[in-house]
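**Student:** I have a structure here, written as structure tokens, and I will follow up with some questions on it.
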Amino acid sequence: RMHACKPSWIQHIVHLPLQSVRANQSGWIMDTSIARRHQHPPSISSHLLDIAFDKNSTASQLFLIVAVFAVVWFIVFYILKSIIRPFVHNKPWLLEGLERHYERTAKKQFAELKINMTKEECIAWSMNDWPRMQCILLQHLAGSLLCIPSLFGIGDPSVASSLAICGVLSEIGWELQDMIEILFVRAFFKNGKAIWPDAIVIVFLVHHSLSTILGLPMILYYRSNRSLHWLCFDLQFAAAMALWVGEYTKLMDITNPSKLRQFKVLNFIACVTMLWTRVIHWTYLCFDLYITWWQDEAYTFLSIGILVSIGFTAFSYIACVKPFCRNFVKFLHVSEIYEKLPTNAAPEKRRSSVVQLDQAMADLLEGDGMMELTDVVGNLFERRQPSIRRKSVPMHSRKRMSLVFAHSKSFGHEAFHDTKKYL
């Protein structure tokens, strides 16, 4: 009788739960979390996550994510270096390894550059640099691990693809901040052009821009393409592997038979990884993308992609694959001679064999192909401006100097202030 005669607010309260359920089932009432989102603006982090996991993200939104990654990696590097340094500073194992490294390569390099740095100063400098190299290793490893779910079909395909895309954007962001530091040193420090000469800047600018030129357009149009995810994984994982093997093995005393065997095994793994990721699998993935672009009639992607992949292939072959494989074969030959020395060999012959073994190890760890690549770029640059060579530091010395500074604590402010007094 109450319902029939008096459809008042009491009836409304009685029927409210049932109406809410029905309305919620038919999609008319928003979820509580959505209502709260309208009451309180979303945080910056949630906004960035929405962009990163949105398959319809625009180019400007992707650039925002890249910029955020650049800032984040800069801050993370600064924090990690501050955390790592107290744990490794003046540790016997690191001191002994850096002393051997100084005798093998650093002493000769600094003498050629006429840098007046004592053994103790060089070791202290290298010790400060060691944490930075571990940070670069971790950055590349983190980027490669983000691709794992997509590559092995783990979880939701959309989420897995977005994680792989974050791996690509992370690498672009790190390369962006790295290039900014290089250009900052060159533009605003007194010896900036000597630290980063034209040839080296051009090589790094081309190398760092390759991922941006093709990476961002690929994310916009081929976000879920597994070949893109594999390329991201291969290149970053190979770089992390090379850095780890190099930083670990350069501290070894290879006159110890067990350490020598370990050195050869680790560098063999690094060599195989490099050949697979930068030659065999790289070629397969590139042609798979060529076929995809051709079938989609994406001729702009096809033309630019071929040019970019050829450029990166040339860089990988000249700067990484060729010198590493050549020096590794040389080291195996020299180490075989050293291991076959009889126990009663003359001391002079044994010392000579040890020196050759150390030199072969130094060539393997430090003898990359950057010199060959910068020779080509430097010669092209000098032909256009022949007066530069007469007025500035010789090209060979400037390139060697830049490579030494490339292994300092940072490409920016720290590198300059820690080394300028030795120039």
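The values are calculated or read from the model by the stated rules, or taken from the named source; none is laboratory data. Keep in mind the model is a prediction, meaning the values are calculated, not measured. Heavy atoms of the whole protein, side chains included, go into the accessibility calculation; ligands, DNA and RNA do not. Shrake-Rupley method; radii C 1.70, N 1.55, O 1.52, S 1.80 Å.
**Student:** Output ³J(HN,Hα) for region 73-79: one whole-Hz value per residue in order, computed from phi by the Karplus curve 6.51 cos²θ - 1.76 cosθ + 1.60 with θ = phi - 60°, and x for Gly and Pro.
**Tutor:** Each residue of region 73-79 in turn: 5, 4, 5, 4, 4, 4, 5 Hz.
**Student:** Per residue of region 313-327, in order, report the coupling 6.51 cos²θ - 1.76 cosθ + 1.60 (Karplus, θ = phi - 60°) as ³J(HN,Hα) in whole Hz, putting x for Gly and Pro.
**Tutor:** These are the phi-based 3J(HN,Hα) values: 4, 4, 4, 4, 5, 6, 8, 10, 5, 4, x, 5, 5, 4, 6 Hz.
**Student:** I want to check a number: in region 67-181, how many lysine pairs have alpha carbons closer than 18 Å, given a sequence separation of 8 or more or different chains?
**Tutor:** Values: Lys81/Lys91; Lys91/Lys119; Lys107/Lys119; Lys108/Lys119.
Qualifying lysine pairs in region 67-181: 4.
**Student:** So what J values fall out for region 332-338 if you push phi through Karplus, 6.51 cos²θ - 1.76 cosθ + 1.60 with θ = phi - 60°, rounded to Hz, Gly and Pro as x?
**Tutor:** 3J(HN,Hα) across region 332-338, in whole Hz: 4, 5, 5, 5, 5, 5, 5.
**Student:** Whole number in Å², please: accessible area per residue of region 92-193, 1.4 Å probe, ligands, DNA and RNA not counted. Kindly include the intermediate steps, with their values, before the conclusion.
**Tutor:** Working: 4500 Å² over 102 residues.
Spelled out: the 1.4 Å probe surface of region 92-193, per residue, equals 44 Å².
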